[in-house]
Structure formats: structure tokens, C-alpha cells
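Participant: Just passing along the structure, written as C-alpha cells.
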Amino acid sequence: KQKTAYEILSGLVGSEMCIRDSLYEEAVGPAIGAAIKDEDKIVLQYREQGILLWRGFSIQEILHTVKGSNKDHAKGKALACHYSIPKIGVLPLSAPIGSKIGHGAGLGYAFRTQKEDKIAVTFMGEGAASQGDFHAGLNFAATLGSQTLFVCRNNCYAISTPIEDQYAGDGVAPRCIGYGMPAIKVDGCDPLAIAYATKHARQMIMERKGPVFMEVYGYRGGDHSTSDSAPLYRTKEVLAKLKPYLDAIGDPIIRLGKYLEKKGYLANYKEQMDKVGKAAVAECHKYAKEMDETPYPEYKTMFEDVYSYTPQNLQEQMEQLDAHIKKFPEFYPLSDFK
């Protein structure tokens, strides 16, 4: 299901858009979304679309954001997968790796000083822990008391850099001892474990008035993005060494299906998964086609949403652009725009 939808998007919008999938990491977003409160704020990285769906952001809206179409809430101003959705409590995604760690620390600090029953949930990959922002953000949060849950998705690769080339210790969580910050390590392919750990972490944050770090262990099943080719560095020899680990963690969707069947909540999970998967693929085809046929926003919207009014210098630039397009219409296919 995931790969098919991924391929649909890749074919429509092109590799330069750098779409990122969540193959084998599907459990993280929805499980955390289910365990926190609706009032809590989200500071995303790149693979948390599941939490967007949990909070009511539709597949159609995600696809229009990927393209930057006229129906995109950001009017095409953001990179693909760089969401900014105030209506569901999602802060603007910052592209540089690690930069959102400080944003989450600051937001959680504001919640504590204003005595609000809210937390900031800040996502990162294990690769971000090698950035200076990691130390600055966690140290700020721990010393000043930020109501922040730092979620590190350790999927074994920072693009093409494996974890053995990133750190020599037992993951990222042990570093939190030096910050005086409680840390949790959880199976990233077990949605129930993630939800339980998140609920417990939130309770700790509100009781202690300080941050908690949660390292979620998993595996990046696909390429880093559509501009990446994992087989170039994740060779057969590398995968053979990873096999015991991959066999241990399994596929989160299959694991949940087996659990639900065992508990009597779901009959014949394989049949149900196949049914749901086919429906999801058909839905993605439908909405991807709609996305492809939807025009881009009117080009003049690039001058909007920076100021509450249009200052003179932007007005002049807009007039210059209009004149330029009228002079060279053959180079500007405005039929693709609203």
C-alpha cells in the first residue's frame, strides 16, 4: 500500500520534489497522535504524515501540499512535505535538519511559563542528533523546564549514513543522562507500545514540568526520498547483516493485524489488510489524478502573506513581473496556473 501510493506520487510530481515515505515507520505518527491531547502542538520532521491523518488532515490535502497546487493551504510556498497547518496544531516545518529541536524546546518553555496544560511534541531522526541544534535544544529544555516531548525516530540511516558511523554508544537516548532528562526507548514497530510510552511521557512532563526524550527504534524501509537510491549503499551484504534485527522488529502493520486477530478484534487480518490496501491504492489513484489536474495558485500569490498589506517595493516587483510575462509569454505557460 505505502509503496504503491509512493510510486504514484513520484510519477506525478517528479523526483526533484523529494517525497519521503514512511515504509516500516507507519506506527509512529498515529500512535503518538492517539496518546497526546488535541491541544498539544506538533513540530514535524518529514515522516509524520500519520499524525496529520490522525488529526483530520486528509489525503487530498496532503497531495495538494506535495504539488503546491491551488488547493494547497500554503499556496505552493513550501517545499514538498514541509507542512504548516495551524488548524490542527502543526507548526511550520523547518527544512534544515535539527533546527526544529530548538523550536520545540521554546514552545514547551512557553507552555510552562504560561501554566498551560499543553506539551510540544518535536520529531527528529537519529541523524539530527549529530547537529549542534540537538545539544542546544535539549540543554535549553532541561535547564529551563520545557514541556516538550522530544521524539527521535531511529531508523538506522541518516540518508546514506548508517548508525555505526553516527555514534558508538547504545543509541541516542543515553545522552540524555548528561542533560538530566528522563529518556525512554521503545519498539518503533509496535504502535501499542509507542502509544503507551507517549502517554506515560506526557504525564511525566506535566508532573515534572520538564522535558522527556523518547527514542523510537525502527527501520527505514524505502529510499530516503525520491531523489535517493538506497541499494547503492544498502547492498545485499548490508541487508544480510541487518536481517536478525529486521526479523525481530517486523512490519508494524502486520504485527498489529496479528495482535488484533489473536485478541478477537479482527477476523482474518490478511484478508482485511488486502481489502483495505486495495481501497487505499484506489483512493490514492483518484486523488493523485485530481491533484495532477489541479492548477497551481495564481502566480501573484507569491507576493502575498508576508505583510498585512503590500508594501511599495513588493508592488513594484509585482508590476515588473507582470510586464516581463507579457513581453515573453512563450516562456511562461500560465495555463498551468489559476
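The values are calculated or read from the model by the stated rules, or taken from the named source; none is laboratory data. All values derive from a computational prediction rather than experimental measurement. A quick note on method: Cβ atoms are made from the backbone with ideal geometry, for glycine too, and the neighbour counts reach across all protein chains shown. Remember, those area values only see protein heavy atoms, side chains included, never the ligands or the DNA or RNA. Shrake-Rupley method; radii C 1.70, N 1.55, O 1.52, S 1.80 Å.
Participant: Return the pairs, sorted by first residue and then second, in which the second residue is assigned to a helix (DSSP H, G or I) and not hydroxyl-bearing (Ser, Thr, Tyr), the first residue lies in region 235-260 and is open to solvent by 50 Å² or more (accessible area, probe 1.4 Å), the beta carbons are less than 6 Å apart, and the residues are 6+ apart or on different chains.
Facilitator: Between residues of region 235-260 that are open to solvent by 50 Å² or more (accessible area, probe 1.4 Å) and residues that are assigned to a helix (DSSP H, G or I) and not hydroxyl-bearing (Ser, Thr, Tyr), the close pairs are LEU256/PRO191.
Participant: Condition first: open to solvent by 10 Å² or more (accessible area, probe 1.4 Å) and under 19 Å from GLU164 (Cβ atoms). Now tell me which residues in region 182-218 satisfy that.
Facilitator: Within region 182-218, LYS185, TYR217 meet the criteria.
Participant: Could you list, in sequence order, all residues of region 47-66 that are aromatic (Phe, Trp, Tyr) and open to solvent by 20 Å² or more (accessible area, probe 1.4 Å)?
Facilitator: TRP54
Participant: Could you please find all residues in region 112-128 being open to solvent by 10 Å² or more (accessible area, probe 1.4 Å) and either farther than 20 Å from ARG153 by Cα or over 16 Å from the mean Cα position of the chain (by Cα) (or both)?
Facilitator: ARG112, THR113, GLN114, LYS115, GLU116, ASP117, LYS118
Participant: Moving on to the next point. State the number of residues belonging to region 261-286 that are without any contact (Cβ under 8 Å) to a residue 60 or more places away in the chain, closer than 23 Å to GLY50 by Cα and either open to solvent by less than 100 Å² (accessible area, probe 1.4 Å) or touching a strand residue (DSSP E or B) at 6+ places or on another chain (Cβ under 7 Å) (or both).
Facilitator: Number satisfying all stated conditions: 8.
Participant: Further question: Please give the number of the condition PHE150 fails out of (1) assigned to a loop (DSSP other than H, G, I, E, B); (2) in contact with a Leu (Cβ under 7 Å, 6 or more places away or on another chain).
Facilitator: Among (1) assigned to a loop (DSSP other than H, G, I, E, B); (2) in contact with a Leu (Cβ under 7 Å, 6 or more places away or on another chain), PHE150 violates only (1).
Participant: Can THR198 be described as touching a helix residue (DSSP H, G or I) at 6+ places or on another chain (Cβ under 6 Å) and under 18 Å from PRO30 (Cβ atoms)?
Facilitator: In short, yes.
Participant: Looking for something without any contact (Cβ under 8 Å) to a residue 24 or more places away in the chain and either aromatic (Phe, Trp, Tyr) or not in a helix (DSSP H, G or I) (or both) - is there at least one such residue anywhere in region 169-186?
Facilitator: Yes - at least one qualifying residue is present in region 169-186.
Participant: Taking interchain pairs and intrachain pairs at least six residues apart, which have beta carbon atoms under 8 angstrom, with the first residue in region 87-100 and assigned to a loop (DSSP other than H, G, I, E, B) and the second of a type in the set (A, V, I, L, M) and surrounded by fewer than 17 Cβ atoms within 10 Å (Cβ to Cβ)?
Facilitator: Every condition considered, the pairs that remain are ALA95/LEU79.
Participant: Let me ask you something else. Regarding ALA158, is this residue in contact with an Asp or Glu (Cβ under 8 Å, 6 or more places away or on another chain), farther than 11 Å from GLY210 by Cα and surrounded by fewer than 22 Cβ atoms within 10 Å (Cβ to Cβ)?
Facilitator: yes
Participant: OK, next. Applying the selection to region 287-308, what residues are open to solvent by less than 100 Å² (accessible area, probe 1.4 Å) and part of a helix (DSSP H, G or I)?
Facilitator: Those that are open to solvent by less than 100 Å² (accessible area, probe 1.4 Å) and part of a helix (DSSP H, G or I): TYR287, ALA288, GLU290, MET291, ASP292, TYR299, LYS300, THR301, PHE303.
Participant: Then there's this: When region 34-46 is examined, which residues are found to be buried (at least 19 other Cβ atoms within 10 Å of the Cβ) and at pLDDT 95 or above?
Facilitator: Answer for region 34-46, where residues must be buried (at least 19 other Cβ atoms within 10 Å of the Cβ) and at pLDDT 95 or above: ALA35, ILE36, ASP40, LYS41, ILE42, VAL43.
Participant: Filter region 231-260 down to the residues that are over 13 Å from CYS189 (Cα atoms) and outside any helix (DSSP H, G or I) and list them by number.
Facilitator: TYR233, ARG234, THR235, listed by residue number.
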